[in-house]
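The values are calculated or read from the model by the stated rules, or taken from the named source; none is laboratory data. Just so you know, these numbers come straight off a predicted model, no measurement behind them. Every residue, glycine among them, receives a Cβ derived from its backbone with ideal geometry; neighbour counts consider all protein chains shown.
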Amino acid sequence: MDALLGASIGEFLGLTLVLFGGAGFLMGQALAQTWRPAWHAVPYALLMALANRFLAYALFGGTLTAPLPFTFDAIVVLALALVAFGLTRARAMTRQYPWLYEPEGLFGWRDRPAAVGTSDAGIPDRRGH
């Protein structure tokens, strides 16, 4: 297990999940709130994984250049960022465009059924109907 994590379980939980996972979650929220695409999370997650490996090396004597722990850290941070991105984007779509969309689960939204007297987009037509 240490070969995959590059550190002990406690170090992994504290450093990767709590510190960098929390930062990844906040990063995903920030990307969604500023209407950036989800793929922007990838380079940021890689940078966070580099910082995570460095802190594991500097503080706990972990491995600095091992590719497997780096990849695992990057996957964990990226997964948390994408979860936050999906939650935040779905919430933003349904709150900012309530006449167009309604929530569908945690990560999705669907078109709101057209009301009587409205166009397909849910906006009243020229006649006011």
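At-a-glance table
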quantity: Sole exception among (1) closer than 21 Å to LEU26 by Cβ; (2) part of a strand (DSSP E or B) for GLU102, by number; calculated: (1)
quantity: Residue in the range 28-75 that is farthest from GLY108 (Cα to Cα), counting only those that are surrounded by 21 or more Cβ atoms within 10 Å (Cβ to Cβ) and of a type in the set (A, V, I, L, M, F, W, C); calculated: ALA56
quantity: Residue ID - farthest from the chain's Cα centre (by Cα), chosen from residues in the range 76-99 that are outside any helix (DSSP H, G or I) and either without any contact (Cβ under 8 Å) to a residue 24 or more places away in the chain or crowded, with 17+ Cβ neighbours inside 10 Å (or both); calculated: PRO98
quantity: Residue in the range 33-43 that is charged (D, E, K, R) and assigned to a helix (DSSP H, G or I) present; calculated: no
quantity: Verdict on LEU4 being modelled with pLDDT under 90, in contact with a Pro (Cβ under 8 Å, 6 or more places away or on another chain) and not acidic (Asp, Glu); calculated: yes
